[in-house]
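What follows is a short report on a single structure.
The values are calculated or read from the model by the stated rules, or taken from the named source; none is laboratory data. A quick note: this is a predicted structure, and the numbers were derived from the prediction, not measured. No Cβ is skipped: glycine too gets one built from the backbone with ideal geometry, and neighbour counts run over all protein chains shown.
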Amino acid sequence: MLPGKKVGLAALGIAVLFGVGGASHTAAAADAYRVIYIAPQLNNAADIVIARNWQEVAQSLGMEAVIKNAEIDPKREADEWATAIALGYDAIVGGPTDSVAATVSVKKANEAGIPVFMLGRTSEGGKVELIARADNISLGTIAAEELVKRIAALRGEAAGKVLELHGPMDQVNARQRSEAIQAVLANYPKIELIRKLQHWTPEEYFDITKSVASSTDLVGITMGSDVLPGVDAALDSIGKLKKVGDPEHIVVTGIDADPRVLDLMGQDLWDASALQDMVGYGAILAHYMKDYLDGSYKITAAGPIDNPGKPYHGVEARWSEATQGWEIQTPSRVVDKSNHTDPTLWGNAIKKYQ
């Protein structure tokens, strides 16, 4: 569908859905844009905030916004895309569980003339008009640098064995974060990195951490995302969950700054996290999507974005060769005990959805 073209299909009675705890309904004008977000999952705080914030902003702009849950299942995700294409949505937003597999669905939407956008994650290919997500290289770099700094402060030098819990390398975000972590740690020859693949489940976080920490004298642990529980519980189960500052403390850093992790920081049981701005994604993407459909798209050149606090806030706009569209990088920063109660952190902002 070309920018500026409206399709009035509200009469089909499509409800605005949220995949946890039932459905909510909103009245939509007959000429409202019908847009859908196919979320990778809705079983953790991060994905809930991303989905709900996107939906709220889209609705505030007059769009009929629907959320579907792929439940971390590439086949279900493909089925949701196929249904969305068949129903003729004005735009589809994705957050792929598998970046490679999702490319097939993106290309089918391209062929149907439906513009595609991405939240937080993206496909490997196909035409994607805009991606709103964090600078994953920056996130991985921050997590690793904080790990090294805190190990050196506690142990006297940056040395020892470090466990990295990384996601599947066929996911763009997981790969970029892991590569950034490895790049930083490669500068410290006395650090021995133990890399373990996990598939974003609490069970794997717990089991892998317990297994490695039981048999290895770890000085640190870092991970591709801290929205999943398991690491602290595993350390506690073997008597190795020591407070920050304790000579036997295992330094722990992550990416995202989950609400549970913020609480652990307050208890001196978690060192630091690289903030992923879940709240900013929805505002950015919903506004640009509306502009695209209205035919008044705003991004014209790559480079820094200088409008902090505005709906279009981000760090930088980049052109993506892989998906032949724009990408807006959202800002990141270190979160630790010194700022863990900051109300602007998504981990604290999520309280409005509870």
>> Quick test of your reading of the structure: V252 fulfils all but one of (1) of a type in the set (A, V, I, L, M); (2) touching a Gly at 6+ places or on another chain (Cβ under 9 Å); (3) closer than 16 Å to R133 by Cβ; (4) modelled with pLDDT of 90 or more. Name the failing condition by number.
In response: (3)
>> Test of understanding: among E77, E111, E124, which residue is in contact with a Ser or Thr (Cβ under 8 Å, 6 or more places away or on another chain), over 25 Å from E56 (Cβ atoms) and of a type in the set (D, E, K, R)?
In response: E124
>> Could you go through segment 178-195 and let me know if any residue there is touching a Gly at 6+ places or on another chain (Cβ under 9 Å), farther than 20 Å from Q329 by Cβ, surrounded by 18 or more Cβ atoms within 10 Å (Cβ to Cβ) and in the same structural domain as K243 (by TED's automatic domain parsing).
In response: yes
> Failed condition for E179, given (1) in contact with a helix residue (DSSP H, G or I) (Cβ under 8 Å, 6 or more places away or on another chain); (2) farther than 23 Å from I48 by Cα; (3) modelled with pLDDT under 95, with all others met?
Replying inline: (3)
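Is one or more of the residues making up segment 50-57 more than 17 Å from the chain's Cα centre (by Cα) and either outside any strand (DSSP E or B) or at pLDDT below 90 (or both)? So that I can check it myself, show each step before the final result.
From segment 50-57, those more than 17 Å from the chain's Cα centre (by Cα) are 56-57; that's our starting set.
Next, from what is left, pick out any that are either outside any strand (DSSP E or B) or at pLDDT below 90 (or both): 56-57.
For segment 50-57, residues more than 17 Å from the chain's Cα centre (by Cα) and either outside any strand (DSSP E or B) or at pLDDT below 90 (or both): present.
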>> Tell me whether segment 128-138 contains one or more residues that are more than 23 Å from S332 (Cα to Cα) and within 18 Å of the chain's Cα centre (by Cα).
In response: yes
> I72 passes all but one of (1) within 20 Å of D47 (Cβ to Cβ); (2) in contact with a helix residue (DSSP H, G or I) (Cβ under 9 Å, 6 or more places away or on another chain); (3) not in a helix (DSSP H, G or I); which number fails?
Replying inline: (2)
> From the list L185, L197, which one is modelled with pLDDT under 95 and not small (G, A, S)?
Replying inline: L197
>> Any residue that is in contact with an Asp or Glu (Cβ under 6 Å, 6 or more places away or on another chain) and either closer than 22 Å to S211 by Cα or in contact (Cβ under 8 Å) with a residue 60 or more places away in the chain (or both) - is there at least one of those in segment 145-159?
In response: yes
>> Return the residues of segment 198-237 that are under 23 Å from the mean Cα position of the chain (by Cα), among the hydroxyl-bearing types (S, T, Y) and part of a loop (DSSP other than H, G, I, E, B); say none if nothing qualifies.
In response: T201, S225
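Of all the strands (runs of 3 or more DSSP E) wholly in segment 112-166, which have at least 2 residues that are under 25 Å from G280 (Cβ atoms)? If you could, list the steps in order and put the result at the bottom.
Details: elements: 116-119, 130-134, 160-166.
Counting at least 2 such residues, we get 116-119, 130-134.
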> Listed residues A46, A101, A86; which is closer than 26 Å to T344 by Cα and part of a helix (DSSP H, G or I)?
Replying inline: A46
